[in-house]
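**Q** Starting off with a structure, shown below.
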Amino acid sequence: MAGSLGIGLLVWVIVNVTHVAAHLVVARKLGVAVNRVSLGFGPTLWSRMVGATTYRLAILPIAFVVRLRAPWAAGAPEAPSNDLRNRSRWARLAVFCSAPAAVLLLGFVSAFWASGFERTQRSDKPVVGDVRRGGPADRAGLLAGDTIAAVGGQKVETWAELKRLIAGATEDVLVLDVRRSTGSMRLEVQPDTMPGTSNKVIGIGPAMVAQPPPPFIERFGNAVEIVRQWGGLLVEGVSTVVVGMKEPAVVRGPVALYASASAGTNGRDYFLATAVTFAILQYFLLCLVAPYLDGRRLLFLGIEAIGRKPLRPKYEDWFNRIWLGLFLMLAVLAIKSDVSRFLLR
């Protein structure tokens, strides 16, 4: 537990530093003033001016915050010439996109790292991996390592076919043709019915097979696929949270999303590496959808490009407040879902 918390804290620090560094590098390359870099929120515990930038430590050091636009008194004629407000739309677009792009690149690097580990995955073959003690298969004498060649005389070649034939069985007794290291045999199993459904089960799980890491070049393609898969899953998760405001049963938080996506695979190193990748991509999504982060700046920039003038500060303020309320409500729904699924069951 302590190790997992330590890894989680390290990942959080790395993505935050990546986020801040990307803003700083791009802003300075484009001649944009960086007003303040803060570690945390709330009252200042320590601060120091370095050049034109103030570095500060706040009372709640949970994340890095970059302020690119300098505050100035009401009625001042204009912002400084190197302030973000006075830069071109393309320069501001580059500054706003720099942090999400850097975090996404970090996610790709993590996915590339993950693809280099050996993992075990559910076998597609109808080979029994585990037998539930006291279940129908156990009572019938089925053992781990057995291959089920047929169900009720119907040949079986994949685990999906085996699962489908068992689930849809109408007989009270299933006849299984089984191949074992000691020879072939025929077993009779009385399946159970899953509560609330008509599907039959016999209490078995698939075998797990080892998958060696792919060659170095192929890992680039695998990393892209991992990022695409996790990214799609996170977008799906956001949509289920929104839908879940009306149908709470479909809400899935980050823990449930990762659990569903990683089901069927294991291997400690691979699991850890993909969990790190998933956490980084969650931060990338936060950059785009969380209040007061880069996504809302990109939205305001798009509105400015369409309307040919910046959005008024009061409208920005109202948008931020409303979106913060909605975001917190959706976050509570997702966390509540994870707690009920994994801690209270």
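The values are calculated or read from the model by the stated rules, or taken from the named source; none is laboratory data. Source: prediction; values computed, not measured. Positions of Cβ are backbone-derived with ideal geometry, glycine not excepted, and every protein chain shown enters the neighbour counts. All accessible areas refer to the heavy atoms of the entire protein, side chains included, with ligands and DNA or RNA removed. Shrake-Rupley method; radii C 1.70, N 1.55, O 1.52, S 1.80 Å.
**Q** So if I place +1 on the C-beta of Lys and Arg and -1 on the C-beta of Asp and Glu, and nothing else carries charge, what would the dipole magnitude of the range 75-147 be about its Cα centre? I want it in debye, nearest 20.
**A** So the magnitude is around 180 debye.
**Q** Still on this model: With all protein chains present, how much of the accessible area of the range 61-190 (probe radius 1.4 Å) comes from carbon and sulfur, to the nearest whole percent?
**A** 53
**Q** Another one. Which trypsin sites (Lys or Arg not before Pro) from the range 83-186 combine a DSSP loop assignment with at most 12 other Cβ atoms within 10 Å?
**A** Here the trypsin sites (Lys or Arg not before Pro) that fit, given the DSSP loop and packing criteria, are Arg133.
**Q** I'd like the FRET efficiency for Asn320 and Phe220, computed as 1/(1 + (r/R0)^6) with the beta carbon distance as r and R0 of 56 Å, rounded to 0.05.
**A** 0.90
**Q** Work out how far the C-alpha atoms of the range 176-216 reach from end to end along every principal axis, then list the three figures in whole Å, largest first.
**A** 47, 34, 10
**Q** Could you tell me the calculated FRET efficiency between Ala160 and Val209, based on Cβ-Cβ distance and R0 = 22 angstrom, to the nearest 0.05?
**A** 0.90
**Q** Where does the range 90-146 land on the Kirkwood hydrodynamic radius, alpha-carbon pairs, in angstrom?
**A** 16.0
**Q** Hey, can you grab everything whose amide H is under 5 Å from the amide H of Ser123? Only 5+ residues off in sequence or another chain; H modelled, so Pro and N-termini drop out.
**A** Ala207, Met208, Val209
**Q** Also, I was wondering about something else. Can you pull out the trypsin sites (Lys or Arg not before Pro) in the range 281-311 that DSSP calls coil and that have at most 11 other Cβ atoms within 10 Å?
**A** Arg308
**Q** So, counting K/R as plus one and D/E as minus one, what does the shell of residues with Cβ under 10 Å around Asp146 add up to?
**A** So the surrounding residues net to +2.
**Q** I've got another one for you. Excluding Arg180 itself, what net charge comes from residues whose Cβ is under 12 Å from its Cβ, given Lys and Arg +1 and Asp and Glu -1?
**A** Once positives and negatives cancel, what remains is 0.
**Q** Now for a different question. Heavy atoms of the protein only, probe of 1.4 Å, neighbouring chains included. What is the accessible area of Asp138 in Å², nearest 10?
**A** Surface accessible to solvent at Asp138 totals approximately 70 Å².
**Q** Students sometimes get this wrong: rank Trp46, Trp12, Trp318 by accessible area, probe 1.4 Å, all chains present, largest first.
**A** Trp318, Trp46, Trp12
**Q** Sticking with this one: How compact and how long is the range 49-198, expressed as Rg and Dmax of its alpha-carbon atoms in Å?
**A** Expressed in Å, the Cα Rg and Dmax of the range 49-198 come to 32.0, 91.
**Q** Could you work out how far apart the two model spin labels at Leu311 and Thr182 are, taking each label as a point 7 Å from the Cα in the direction of the beta carbon, and quote it in nm?
**A** Placing both labels 7 Å along Cα→Cβ, they lie 7.2 nm apart.
**Q** Further question on the same structure: Order Glu218, Glu316, most accessible first, counting only protein heavy atoms with a 1.4 angstrom probe.
**A** Glu218, Glu316
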